[in-house]
Amino acid sequence: MDKARCDVRAVRVAAVAFLLTLTACATGPALEERGEVTAPPGDSHRLTVGSAGFTESDLLARMYALLLDRAGYETTILSVTNREIYEPALESGQIDVVPEYAATFADWLNSKANGADAAPVGSPDLGATMTALRALAAPRGLVVLDAGRAVDQNAFAVAASYAAKHRLKTLSDLGRSGQPVRLAAGDECVQRPYCEPGLKKTYGIDITAVDPLGVGTTPAKQAVQNGQDQMVLTTTTDATLDDFGLVLLKDDKKLQNADCIVPVVNRSRAGSAGVKRALDRLNTVLTTKDLASLNEQVDSWRRLPEDVARNYLESKRLIPAGS
C-alpha cells in the first residue's frame with residue numbers, strides 16, 4: 001500500500017456544509033424506496049470513515065481507516081460532531097463507516113424510530129442489546145458489525161485513599177460499607193436509572209446528594225480528590241484518573257448498559273465481507289484498558305491521534321511498521 005494513500009486528507013468545509021443540508025432533507029423518500037435495504041452488500045473501493053469529533057472516536061476512526069487501507073481500500077476521514085448529522089449521512093452513503101457504542105446507539109435509533117418516550121432497548125446484556133440494535137439498523141440500510149472487547153460505559157470512581165481505608169474494590173463493597181456518599185455527576189443523575197436511583201436500588205449505596213459538576217469533568221474529579229465529594233461519575237476509558245489519585249469501583253452487578261465499541265457501516269457501500277474482515281481484526285486485540293491508554297496519550301501527553309493510532313496497530317502487528 002502506497003503510504004500516501006494512508007494519509008488522512010483534510011476535510012473541506014463544503015463537506016460539512018453538505019451534511020448539514022442532508023439533515024434538512026431527512027424527510028425525503030423512504031429508505032425502502034431508495035433501495036438501500038434490498039440492495040446487495042456493497043464493496044466500494046473508496047470509503048469515508050466518520051468520527052464524532054472527540055478523542056476516542058477520532059482514534060477509532062483512524063484505526064479503522066488504517067486497517068481498511070491495509071486491506072486495499074482508499075479512505076478519507078470526516079469529522080462530524082453531531083450524531084443527528086452523521087447518522088443520516090451514514091444512511092445516505094455520504095459516510096460509510098463509523099465507530100459507535102452498542103447500547104447508546106440502539107437507544108438512539110429506537111427513539112428515532114419510535115419516539116423520544118420509547119422504552120430503552122439498550123441493556124447490560126450485550127446479546128440482547130446487539131439483537132435490538134441490528135433490528136433497528138437493518139431497515140435503515142445499516143449493518144452493525146461484531147462488538148469488540150473494548151467498552152466505554154459509565155463508571156464510578158473514588159479516591160484511592162478512600163478505597164484503601166474502607167476496603168473498596170466494587171460498588172457492592174461501597175454499599176455494604178454503609179458510608180454516606182456525596183456524588184459528583186451531571187444534574188440528570190438524580191433521575192437516570194444507571195445513576196443515583198440505580199446506585200441506591202442495585203447496590204444499596206447511601207447517596208446523600210448529587211453535586212452537579214458534570215460527568216468526568218476536571219472540577220468533578222477535583223471535588224473527590226479534595227474530599228468535598230466521595231465519588232464521581234466518569235467513564236471506563238477515562239485516561240486521567242491517576243492524575244487525580246482516583247480508582248474505579250467495579251460495576252459487579254452490571255448496572256451499566258453494554259456500550260461495547262461496534263463498527264456500523266452503510267450496507268450498500270461497505271457491507272462486504274472484506275470490510276468486516278478488516279475491522280474485525282481490531283476486535284481481537286483492543287481492550288478497554290488499551291483504549292484508555294490511547295486516550296491518555298492524546299489528551300495528557302499531547303501526542304497526535306494519527307501517530308497514536310498507527311503506533312498501536314503496529315505494536316499489535318495489525319499493520320506493518322512504517323506502512
* Filter segment 279-303 for residues that are surrounded by 12 or more Cβ atoms within 10 Å (Cβ to Cβ), of a type outside the set (S, T, N, Q) and either within 23 Å of Ser79 (Cβ to Cβ) or in contact with a helix residue (DSSP H, G or I) (Cβ under 8 Å, 6 or more places away or on another chain) (or both) and give the result. => Leu279, Arg281, Leu282, Leu286, Asp290, Leu291, Ala292, Leu294, Glu296, Val298, Asp299, Arg303
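How many residues, within segment 58-76, are out of contact with any strand residue (DSSP E or B) (no Cβ under 7 Å at 6 or more places or on another chain) and in a loop (DSSP other than H, G, I, E, B)?
Residues of segment 58-76 out of contact with any strand residue (DSSP E or B) (no Cβ under 7 Å at 6 or more places or on another chain): 59, 63, 66-67, 70-72.
Still in the list and also in a loop (DSSP other than H, G, I, E, B): 71-72.
Residues flagged as out of contact with any strand residue (DSSP E or B) (no Cβ under 7 Å at 6 or more places or on another chain) and in a loop (DSSP other than H, G, I, E, B) within segment 58-76 amount to 2.
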* helices (runs of 4 or more DSSP H) (entirely within segment 233-308) containing at least 3 residues that are out of contact with any Gly (no Cβ under 8 Å at 6 or more places or on another chain) and modelled with pLDDT of 95 or more -> 273-283, 288-299
* **Where a residue in segment 183-203 is closer than 21 Å to Ala223 by Cβ and its partner, wherever it lies, is acidic (Asp, Glu) and surrounded by 14 or more Cβ atoms within 10 Å (Cβ to Cβ), with Cβ under 7 Å and at least six apart** => Leu183/Glu196; Leu183/Asp211; Leu183/Asp229; Ala184/Asp211; Ala184/Asp229; Cys189/Glu196; Val190/Glu196
* Asked: Pairs, please: C-beta under 7 Å, at least 6 apart or cross-chain, first residue touching a residue at least 40 places away in the same chain (Cβ under 8 Å) and in segment 208-223, second open to solvent by 70 Å² or more (accessible area, probe 1.4 Å)?
  -> none
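For segment 82-101, which positions are touching a residue at least 40 places away in the same chain (Cβ under 8 Å) and over 17 Å from Gly141 (Cα atoms)?
Tyr101
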* Is at least one residue of segment 104-126 in contact with a Lys or Arg (Cβ under 6 Å, 6 or more places away or on another chain) and over 17 Å from Ser57 (Cα atoms)? -> yes
* Structure fact -> Over segment 220-251, the set of residues under 23 Å from the mean Cα position of the chain (by Cα) and open to solvent by 60 Å² or more (accessible area, probe 1.4 Å) is Asp242, Asp243, Leu248, Lys250
* Considering segment 44-76 alone, what residues qualify as being out of contact with any Lys or Arg (no Cβ under 8 Å at 6 or more places or on another chain), crowded, with 22+ Cβ neighbours inside 10 Å and aromatic (Phe, Trp, Tyr)? -> Tyr64
* Asked: Right, Arg182: in a strand (DSSP E or B) and open to solvent by 50 Å² or more (accessible area, probe 1.4 Å) or not?
  -> yes
* Might you check whether a residue that is within 19 Å of Lys169 (Cα to Cα) and in contact (Cβ under 8 Å) with a residue 60 or more places away in the chain occurs anywhere in segment 279-289? => yes
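The values are calculated or read from the model by the stated rules, or taken from the named source; none is laboratory data. What you see is a predicted model, and the numbers here were worked out from it, not measured in a lab. Here Cβ is always computed from backbone atoms with ideal geometry, including for glycine, and neighbour counts include all displayed protein chains. Ligands, DNA and RNA are stripped out before the accessible areas are found, and what is left, the full protein with its side chains, is counted by its heavy atoms. Shrake-Rupley method; radii C 1.70, N 1.55, O 1.52, S 1.80 Å.
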